[in-house]
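Following: one structure in structure tokens, then a few remarks.
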Amino acid sequence: MNLITNLKQSTSKCIHTLYGVNIPADQVLVNATKPEIEGDYTIVLFAFVKQLGKSPDALGNELGAAMMADMPGILNQFNIVKGFLNFTISNDYWFDFINSTDPNQLVPATENKQKIMVEYSSPNTNKPLHLGHLRNNFLGWSIAEILKLQGHEVFKTCIVNDRGIHICKSMIAWQKFANGATPADTHQKGDHFVGDYYVKYNDAYKAEVADLVAGGMLLETAEKEAPILKSAQAMLLLWEQGDAATIDLWKRMNAWVYEGFEVTYNKIGSDFLKTYYESNTYLLGKELVEEGLTKKVFFQKEDSSVWIDLTVDGLDEKIVRRKDGTSVYMTQDIGLAQLKQKEFNTDASIYVVGDEQNYHFKVLKLICQKLQLPAADGIYHLSYGMVELPTGKMKSREGTVVDADDLLEEMINISKEKTEALGKVSDFTPAQLEELYNTIGLGALKFFLLRVDPKKKMIFNPEESIDFHGFTGPFIQYTHARIKSILRKTGTTITLTANELLPLEKQLAIELSIFPAIINEAADNLDPSKIAIYAFNLAKLFNTFYTEHSIANADSETKKQLRIKIGILTAATLQKTMGCLGIAVPEQM
RNA sequence: GGUUCGGUAGCUCAGCUGGAUAGAGCGUCAUCCUUCUAAGAUGAGGGCCAUUGGUUCGAAUCCAAUCCGAAUCACCA
């Protein structure tokens, strides 16, 4: 039970005893007291003044006294300033908090344990991962970690979009231009290798269209008649018919891509309990469409295409099966929703997908509900905003995409340069150094992408992202390393004795005490940025404390012991928070 | 045009279930390393919280309208 909840309940209880009026605890507003005013926590009285017919001062005095009696040993004194009831929490309470908190048990497990699936990453197999994928991967991984920390059972999954016309385009281009070359021949990462052929396809396509137009064809017609497009379409048909040679090539090229993805996933720490492939799941959706037809959830048009009418829900009609019987995106997702729920018996399923698909997921959930699939109500779309560059949107056609592998390499190089320039790790082995550069470079990048509200689109400014000062991952990593450095000197075996806390010591205790609440907030909102902000505030506060007070050379042994424990708890909390973001914290840097 | 989301310091963002004088970081300027790691700390400067109206003891926060920006409304995934 945390202190704020306690205060709310006590307020509600005391008002009831004093005046016989029921005010639910969750309607009580408890804030941290403004720094200039005496006190730790503040209850806003205005909300009750009218209802109780009391003046703020009179109410404050009566309520304050009653609550002091209700929470003995915790509340020390109170004052009233302009309708705000400020309580000072007793020194004993905070000392006891520091004394009794176990650094290995910072977050109590939830009582409402659930099985939750987090689907994220979801790449296409025709091009390498880019900056947008990184935001997706970091978000998905982090959300899973936060839910785990709460005590839920979490399954991380990935759906690979491995079939369709776009895949055929790379395949055609490879056939035409590669001359049998492989990633091994060209010493290229497989996903980049295949991605290059996707680009080559587009170049060839554009050239062909231009030729046709030059020959007198209308642009519109030319765009449909370009021979290379025709070949790709023919190939898709062959693929769907199961043509051996086509399937063979498809498998071969996809394998190259997966090899490349694997390298990147390993580097960024993305992992999946299970990977689903669209080529395996799209048939399932079709069965559900049949079922929906019998249940009359769907209807068929004259051309035999199948639709759902969502106009009563304020949406449009949506196609779920083409006239030729092939499946669309929605068909596959219906099937996948059903499959995932069945296989893992999930209570909820979180889809980490960009906000351009808000409409799709709204419709998906509606359809699943109308089909009465067990998965339906648990569908939750974690919609995140696009990553844009200061120059505008990333567009693959204009070559303004930030490639994930390039960016990772750059960040790691920068962290290497900066670390070397500071020269604090001369005792590291080459292997340790490499690990440290990775930790810092990746930490900077992950923190940068996770520190803003996922729902909002974000601007990726390369100069800002490589900053290692201020509101950044390395700042927090550094604070952690600093604490660890002190603890190496002082040791961590301690015996605490009661102790009058200085203001900064108390502030740290307060900040540390809200960690579980922050985790809950981040989990409820599926928002890791709450954790990033918290970690930053905690680190900043510790740094202020660090410059003001010495741990190793504290005035007394009691103080020293107390501060060591504060150091232990701060380091542990920083490590946990950063762990939730997928960021490691070094012992030394 | 419909729907959804956004507009807060020069830049990037917090704050939004209404509460005290709107906060950080970066950048700018100025201080602090014979003292536990200066990837740090301290201070200064920087704001009609898009606009207008409403609700009330109180509005960046809620409501309405307007302006600006984005996404989406595909037999692409």
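Taking the stated definitions as given, is residue A:249 of a type in the set (A, V, I, L, M, F, W, C), touching a helix residue (DSSP H, G or I) at 6+ places or on another chain (Cβ under 7 Å) and open to solvent by 50 Å² or more (accessible area, probe 1.4 Å)?
Answer is no for this residue.
Only residues that are among the polar types (S, T, N, Q) and under 30 Å from residue A:582 (Cβ atoms): list them for segment A:271-311, please.
A:275, A:279, A:280, A:281, listed by residue number.
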Condition set part of a helix (DSSP H, G or I) and either loosely packed, with under 13 Cβ neighbours inside 10 Å or without any contact (Cβ under 8 Å) to a residue 24 or more places away in the chain (or both), scope segment A:466-489, selection farthest from RNA strand B (Cβ to nearest atom): answer is A:488
Please enumerate the residues belonging to segment A:349-369 that are over 20 Å from residue A:133 (Cβ atoms), surrounded by fewer than 18 Cβ atoms within 10 Å (Cβ to Cβ) and either out of contact with any His (no Cβ under 9 Å at 6 or more places or on another chain) or assigned by TED's automatic domain parsing to the domain that holds residue A:457 (or both).
A:359, A:366, A:369
Quick test of your reading of the structure: residue A:181 fulfils all but one of (1) loosely packed, with under 14 Cβ neighbours inside 10 Å; (2) at pLDDT below 90. Name the failing condition by number.
(2)
If you take the residues of segment A:403-444 that are open to solvent by 30 Å² or more (accessible area, probe 1.4 Å), in a loop (DSSP other than H, G, I, E, B) and not small (Gly, Ala, Ser), which of them is nearest to RNA strand B (Cβ to nearest atom)?
A:424
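In segment A:41-67, what residues are touching a residue at least 40 places away in the same chain (Cβ under 8 Å) and not hydroxyl-bearing (Ser, Thr, Tyr)?
If the condition is that a residue be touching a residue at least 40 places away in the same chain (Cβ under 8 Å) and not hydroxyl-bearing (Ser, Thr, Tyr), then A:43, A:44, A:45, A:62, A:63, A:66, A:67 are the ones that fit.
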Take residue A:505 and decide whether it is farther than 25 Å from residue A:110 by Cα and open to solvent by less than 10 Å² (accessible area, probe 1.4 Å).
yes
Taking the options A:379, A:334, name whichever one is away from RNA strand B (no atom under 12 Å from the Cβ) and either of a type in the set (S, T, N, Q) or closer than 27 Å to residue A:529 by Cβ (or both).
A:379
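Looking only at segment A:445-454, filter to residues that are open to solvent by 10 Å² or more (accessible area, probe 1.4 Å) and more than 7 Å from RNA strand B (Cβ to nearest atom); which one of those is nearest to residue A:577 (Cα to Cα)? Working first, answer last.
So in segment A:445-454, the residues open to solvent by 10 Å² or more (accessible area, probe 1.4 Å) come out as A:446, A:448, A:451-453.
Then drop every residue that is not more than 7 Å from RNA strand B (Cβ to nearest atom), which leaves A:446, A:448.
Values: A:446: 13, A:448: 15 Å.
Among them, the one singled out is A:446.
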The condition from (1) away from RNA strand B (no atom under 15 Å from the Cβ); (2) of a type in the set (Gly, Ala, Ser); (3) in a helix (DSSP H, G or I) that residue A:73 misses is numbered (3)
Search segment A:282-310 for residues being out of contact with any strand residue (DSSP E or B) (no Cβ under 8 Å at 6 or more places or on another chain) and within 18 Å of residue A:368 (Cβ to Cβ), and hand back the single one that is surrounded by the most Cβ atoms within 10 Å (Cβ to Cβ).
A:288
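Does segment A:371-383 hold any residues that are outside any loop (DSSP other than H, G, I, E, B), open to solvent by 70 Å² or more (accessible area, probe 1.4 Å) and under 20 Å from residue A:312 (Cα atoms), and which are they?
Of everything in segment A:371-383, just one residue is outside any loop (DSSP other than H, G, I, E, B), open to solvent by 70 Å² or more (accessible area, probe 1.4 Å) and under 20 Å from residue A:312 (Cα atoms), namely A:377.
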Residue match in segment A:416-425 (condition: out of contact with any strand residue (DSSP E or B) (no Cβ under 9 Å at 6 or more places or on another chain) and within 27 Å of residue A:259 (Cβ to Cβ)):
yes
Counting only residues that are buried (at least 20 other Cβ atoms within 10 Å of the Cβ), under 13 Å from residue A:19 (Cβ atoms) and out of contact with any Leu (no Cβ under 6 Å at 6 or more places or on another chain), how many does segment A:33-79 have?
2
Of all residues in segment A:101-131 being open to solvent by 10 Å² or more (accessible area, probe 1.4 Å) and small (Gly, Ala, Ser), which is nearest to residue A:386 (Cα to Cα)?
A:122
Just to be sure, is residue A:457 basic (Lys, Arg) and either buried (at least 18 other Cβ atoms within 10 Å of the Cβ) or closer than 23 Å to residue A:270 by Cα (or both)?
yes
Odd one out for residue A:499 among (1) outside any helix (DSSP H, G or I); (2) open to solvent by 30 Å² or more (accessible area, probe 1.4 Å):
(2)
Filter result for residue A:197 (outside the structural domain of residue A:519 (by TED's automatic domain parsing) and within 16 Å of RNA strand B (Cβ to nearest atom))
no
Does residue A:95 satisfy being at pLDDT below 95, crowded, with 19+ Cβ neighbours inside 10 Å and not in a strand (DSSP E or B)?
no
Verdict on residue A:510 being hydrophobic (A, V, I, L, M, F, W, C), open to solvent by less than 70 Å² (accessible area, probe 1.4 Å) and either assigned to a loop (DSSP other than H, G, I, E, B) or more than 9 Å from RNA strand B (Cβ to nearest atom) (or both)
yes
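The values are calculated or read from the model by the stated rules, or taken from the named source; none is laboratory data. Only a predicted model underlies this, so the values are computations on that prediction, with no experimental measurement involved. We place every Cβ from the backbone using ideal geometry, glycine too, and count neighbours over all the protein chains shown. Quick note on the areas: whole protein, heavy atoms, side chains included, nothing else; ligands and nucleic acids left out. Shrake-Rupley method; radii C 1.70, N 1.55, O 1.52, S 1.80 Å.
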